[in-house]
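Colleague: I have a structure I would like to understand better, so I am pasting it below and will then ask my questions one at a time.
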Amino acid sequence: QVQLMESGGGSVQAGGSLTLSCAASGYTTFMAWFRQGSGKEREGVAYITRGGSTGYADSVKGRFTISKDNAKNTLYLQMNSLKPEDSDMYYCAGSTRDPIVALSRSGYNYWGQGTQVTVSS
């Protein structure tokens with residue numbers, strides 16, 4: 001059983017930065033950040049494996065960094081150079097499966113409640 005809880009969302013001006021956190025319990029093989037805007041499908045942003053391998057959606061590559069602190073069981077998403085189009089609800093996701101398609105939501109079986117990110121111009 002896995003439980004996830006996100007925090008760190010808020011409002012920021014374009015070009016600014018935010019860091020999201022996800023407190024986790026339980027064992028996962030993959031963890032990821034997804035985002036979803038009103039009327040849109042949930043999309044994968046970044047993932048990290050238990051061994052520390054990472055990957056990113058093209059839309060955030062070079063701007064966002066996913067990391068984790070295994071001792072604290074906490075996942076992070078450092079978001080830099082934020083754009084208005086990054087405004088979404090951000091969700092922490094975990095999977096107990098291996099292998100998965102790492103940025104496909106169907107691979108994840110545990111989800112946090114979401115934290116809102118708003119980027120103004």
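The values are calculated or read from the model by the stated rules, or taken from the named source; none is laboratory data. Values in this document were obtained by computation on a predicted structure and should not be read as measured data. Positions of Cβ are backbone-derived with ideal geometry, glycine not excepted, and every protein chain shown enters the neighbour counts. SASA here: full protein model, heavy atoms, side chains in, ligands and nucleic acids out. Shrake-Rupley method; radii C 1.70, N 1.55, O 1.52, S 1.80 Å.
Colleague: What accessible area per residue, rounded to a whole number of Å², is obtained for the chain using a probe radius of 1.4 Å?
Modeller: Working: 6110 Å² over 121 residues.
Result: 50 Å² per residue.
Colleague: Something else now. What Kirkwood hydrodynamic radius do you get for the chain when you take the inverse of the mean 1/r over all pairs of distinct Cα atoms, in Å? Intermediate results must be reported in sequence, preceding the final value.
Modeller: Numbers: mean 1/r = 0.0711 Å⁻¹.
For the chain, the Kirkwood estimate is 14.1 Å.
Colleague: For Arg105 paired with Ser11, estimate the spin-label separation in nm (one decimal), with each label point 7 Å from Cα along the Cα-to-Cβ line.
Modeller: 2.6
Colleague: Right, something else. Counting only protein heavy atoms and using a 1.4 Å probe, what share of the accessible area of the chain belongs to carbon plus sulfur, as a whole percent? Please list the in-between numbers first.
Modeller: Numbers: 2730 of 6110 Å².
Solvent-exposed carbon and sulfur of the chain make up 45 percent of the total.
Colleague: Report the gain in length on full extension from Arg50 to Gln3: 0.36 nm times residue separation, minus Cα-Cα distance, nm rounded to one decimal. Walk me through the numbers before you get to the answer.
Modeller: Details: separation 47, 0.36 × 47 = 16.92 nm, distance 1.60 nm.
In short, 15.3 nm is gained.
Colleague: Zone of Ser25 (label point 7 Å along Cα→Cβ, backbone N under 11 Å): which residues in the range 1-16?
Modeller: Under 11 Å, as judged by backbone N against the label point of Ser25, lie 1-5 of the range 1-16.
Colleague: Sorted by mean Cβ packing within 10 Å, highest first, what order do the peptides 99-105, 111-117, 27-33 take?
Modeller: Working: 99-105: 15.4, 111-117: 17.0, 27-33: 22.1.
Descending mean neighbour count gives 27-33, 111-117, 99-105.
Colleague: Additional query: Calculate one ³J(HN,Hα) per residue across the range 64-79 by plugging θ = phi - 60° into the Karplus curve 6.51 cos²θ - 1.76 cosθ + 1.60, and present them in order as whole Hz with x for glycine and proline.
Modeller: Karplus-based 3J(HN,Hα) across the range 64-79 equals 10, 9, 9, 8, 8, 10, 5, 5, 9, 6, 10, 9, 10, 9, 8, 10 Hz.
Colleague: Further question: What nm value, rounded to one decimal, do you get for the distance between Glu85 and Asn73 when each label is placed 7 Å out toward the C-beta?
Modeller: 3.8
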